[in-house]
Amino acid sequence: MASLAVQFVVGRWLAFAYFLSPRFVHRFLGHINYDAARSYERILQGMRFLIPLFFERILFPFLDSTGTQLTARAAKVDRDFWSLKEDATVTDLITALGSDSEKRRLLHHQLADENAGIGSLGTSIRR
């Protein structure tokens, strides 16, 4: 219930802020997506480092031959939504999430630049 209240408050705050300055909101969301993309990279790095050290015995059935990559398949709903291959793993899903955050980061910074009259970054944001 608390998360719904926070979403409501933040959503209203962003709407009001967008009314005052669309450039600010797009720049703000661009920075949030930057942090999200970096977080997914850190998750992948952590998985590569921590699995061999601590979780090898627990996750053994789900590891590849090197013991560093999870081979557990991503859920069907995730594979369908992110257009992943049928044999996509959890690692592939996290990589797709990071890539999507990076694309949204570029999109929001491009929109902020256009609102400021700077012009387009000239990058393609399509998936």
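The values are calculated or read from the model by the stated rules, or taken from the named source; none is laboratory data. None of these values were measured; they are calculated from a predicted model. So basically every Cβ, Gly included, is an ideal-geometry build from the backbone, and we count neighbours across all protein chains shown.
Scan segment 12-24 and tell me whether some residue there is over 20 Å from Asn115 (Cβ atoms) and either exposed (fewer than 14 other Cβ atoms within 10 Å of the Cβ) or touching a Gly at 6+ places or on another chain (Cβ under 6 Å) (or both). Break it down into steps so the answer makes sense when it comes.
If we filter segment 12-24 for residues that are over 20 Å from Asn115 (Cβ atoms), which is where we start, we get 12.
The next check asks that each one be either exposed (fewer than 14 other Cβ atoms within 10 Å of the Cβ) or touching a Gly at 6+ places or on another chain (Cβ under 6 Å) (or both); those that pass are 12.
Scanning segment 12-24 turns up at least one residue that is over 20 Å from Asn115 (Cβ atoms) and either exposed (fewer than 14 other Cβ atoms within 10 Å of the Cβ) or touching a Gly at 6+ places or on another chain (Cβ under 6 Å) (or both).
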Neighbours by Cβ (under 7 Å, 6+ apart or cross-chain): first from segment 21-42, within 15 Å of Lys103 (Cα to Cα); second surrounded by fewer than 17 Cβ atoms within 10 Å (Cβ to Cβ) and not hydrophobic (A, V, I, L, M, F, W, C): His26/Asn115
Count - residues of segment 91-123 that are of a type in the set (A, V, I, L, M), at pLDDT below 90 and out of contact with any helix residue (DSSP H, G or I) (no Cβ under 7 Å at 6 or more places or on another chain): 1
Only listed residue being assigned to a loop (DSSP other than H, G, I, E, B), more than 26 Å from Ala17 (Cα to Cα) and modelled with pLDDT under 75, chosen from Arg126, Arg57: Arg126
